[in-house]
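Inspection log for the structure reproduced underneath, given as C-alpha cells.
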Amino acid sequence: MTTTTATTTTGRTTRRATGRTAAMPLSGHLREAKKRLSRAALAFLVAAVVAYLLSDSVLDILRAPVTEIAETRNASINYDSITGAFDLKLKIALYGGIALSSPVWLHQLLAYVAPGLTGREKKYTFGFLAGVLPLFAAGAAVGVLIFPRMVELLTGFASSEDSTLLQASSYFDFVLKLVLASGVAFTLPVFLVVLNIMGILPARTIAHSWRVAVIGIVIFSALVTPAADLMSMFLLVVPMVLLYLMALGIAWIHDRRKDRRLAAELKGVI
C-alpha cells in the first residue's frame, strides 16, 4: 500500500497530510462517517438504557428536597397526565444517555476529524477539550449541590397554609437548566485563554477588566440562584472568580513567552 505525502506552505505554516486524508475519495469519507456515527449511536442507546434503569435514583434525588419541605407544609411532585411519569423517565434516559455516552461520541468525533488536522491544531483542540470538559463537569456538580437549597428557598415564599404542587416535567427542566448553566459558566475562563492565544484578548485587557468580570459573575450568580440564598451564590462566585484569575495567569504567561520570542527574533534580525 503506497502512502503519498502532500506539503502545502502558506507563510510560516506547513501542512503535511498523508495519502489517507489527502487523497481519500468522498465515498471513503462517507464510509468513515457512517462507521463513527454507528458507534456513537450504539453507545448512546446503551447509555440511554442504563440511564433509564437509574431514573428512579435520579427521581429520588429530585424528590429529596420536596420531601423535606413536605414535613412542614403540603408539597409534592405531580404528573399532569397518565403518561407523565413515563415521559419523565424517557426524558431522563435521553439526557442521561447523552451525558453517559459523551466519552464515546466525543472520541468518535475526534477520530473522524483528527487525521485532517495539523499537529498544532491537534494540540490546541485536545488542550481546549482538556480544559472545558473537567470544568463543565465541576460546574454541573456545583449546580447539583445548590439546587436543593434553591428549591427550599423558592418554595419558602409560599404561605404554610398553601400547597406547593410541582409539575414534574417543569421541575426537572428547572434543575436541568440550573445544572447546565452552572457547567457552562465554569468553562468561560477557557474561552478567555483561547482568545488570548489567538491574539484577540491580551492578558493586560483581562487584568484591567477584573472589576467588570467580578460584577458580571455576581450578577450571573444572582440570576441563577435566589438572591436571598447567599451560600448558593458563594458556591458559584468564589470558584468562578478563582477560575478567572487562573485564566489571567495563563494568559499572562503566554504573552510573556510571546514577547520573549518576538524580542529574540528582532535581536537576531538586528
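Given the criterion under 25 Å from Leu59 (Cα atoms) and either surrounded by fewer than 18 Cβ atoms within 10 Å (Cβ to Cβ) or not hydrophobic (A, V, I, L, M, F, W, C) (or both), identify the matching residue among Ser159, Ser221, Ser232, Ser209.
Just one listed residue meets the conditions, Ser232.
Can you find even one residue in region 186-199 that is in contact (Cβ under 8 Å) with a residue 24 or more places away in the chain, within 17 Å of Val144 (Cα to Cα) and surrounded by 17 or more Cβ atoms within 10 Å (Cβ to Cβ)?
yes
Anything in region 49-88 that is among the polar types (S, T, N, Q), in contact with a Ser or Thr (Cβ under 8 Å, 6 or more places away or on another chain) and surrounded by 13 or more Cβ atoms within 10 Å (Cβ to Cβ)? List them, or say none.
Asn74, Ser76
Tell me, please, whether a residue that is touching a strand residue (DSSP E or B) at 6+ places or on another chain (Cβ under 6 Å), among the hydrophobic types (A, V, I, L, M, F, W, C) and under 21 Å from Asp87 (Cβ atoms) can be found in region 152-160.
No, because not a single residue in region 152-160 is touching a strand residue (DSSP E or B) at 6+ places or on another chain (Cβ under 6 Å), among the hydrophobic types (A, V, I, L, M, F, W, C) and under 21 Å from Asp87 (Cβ atoms).
Could we say that Ala181 is over 25 Å from His254 (Cβ atoms) and touching a residue at least 60 places away in the same chain (Cβ under 8 Å) here?
For Ala181, the condition - over 25 Å from His254 (Cβ atoms) and touching a residue at least 60 places away in the same chain (Cβ under 8 Å) - is not met.
Of the residues Ile98, Ile92, which single one is under 30 Å from Asp162 (Cβ atoms) and at pLDDT 95 or above?
On inspection, the qualifying residue turns out to be Ile92.
Give me the pairs, please: first residue somewhere in region 111-128 and within 23 Å of Leu37 (Cα to Cα), second residue anywhere and hydroxyl-bearing (Ser, Thr, Tyr), beta-carbon distance under 7 Å, and either six or more positions apart or on two chains.
Close Cβ pairs satisfying both conditions: Pro115/Thr21; Gly116/Thr21; Leu117/Thr125.
Right, Leu242: over 17 Å from the mean Cα position of the chain (by Cα), of a type outside the set (Gly, Ala, Ser) and under 17 Å from Val144 (Cα atoms) or not?
Answer is no for this residue.
The values are calculated or read from the model by the stated rules, or taken from the named source; none is laboratory data. Everything numeric here is computed off the predicted structure, so don't read it as measured data. All Cβ positions, even for glycine, are placed from backbone atoms using ideal geometry, and neighbour counts span all protein chains on display.
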